[in-house]
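Presented below is the structure to which this report refers.
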Amino acid sequence: MGPVHAGVIEPGHFRFNCIGERVLNLEIQLGYQHRGIEDLILKADPKRLPIIIEGIAGDTTVANGVSLAQAVEALASIQIDQGSRIIRTIGLELERI
């Protein structure tokens, strides 16, 4: 299951067959929760985009924020410095761990 609670990611159904602490079988059915993020992004004030993007999924907040920043930088032909890359990498690694 991991350290992230399943309710934070997406809806799902988990069926465990156990004897004591030992898991014999696990059946997983993952769902999808449509929250209208696409429409919200298109209609939102650009200043609110980082907040919306970072709130898409609790387990990828940093990754989603970095992705937005990289997309904007690519569109605007902006080159970031090495220090910014290092800070982003540290944030991404901490989130991954």
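The residues in region 1-38 that are under 20 Å from residue 60 (Cα atoms), at pLDDT 70 or above and acidic (Asp, Glu) can be counted, and the count is 1. Could you check how many residues of region 53-91 are aliphatic (A, V, I, L, M), open to solvent by 60 Å² or more (accessible area, probe 1.4 Å), within 28 Å of residue 42 (Cα to Cα) and in a helix (DSSP H, G or I)? Residues flagged as aliphatic (A, V, I, L, M), open to solvent by 60 Å² or more (accessible area, probe 1.4 Å), within 28 Å of residue 42 (Cα to Cα) and in a helix (DSSP H, G or I) within region 53-91 amount to 3.
Look at region 50-69: where a residue is within 9 Å of residue 95 (Cβ to Cβ) and a partner is at pLDDT 95 or above and surrounded by fewer than 17 Cβ atoms within 10 Å (Cβ to Cβ), sitting 6+ places away or on another chain with Cβ atoms under 7 Å, you get 62/91; 62/92; 63/92.
The values are calculated or read from the model by the stated rules, or taken from the named source; none is laboratory data. No experiment lies behind these values; they were computed from the predicted model shown. Every residue, glycine among them, receives a Cβ derived from its backbone with ideal geometry; neighbour counts consider all protein chains shown. In case anyone asks, the SASA skips ligands and DNA or RNA and just uses the protein heavy atoms, side chains included. Shrake-Rupley method; radii C 1.70, N 1.55, O 1.52, S 1.80 Å.
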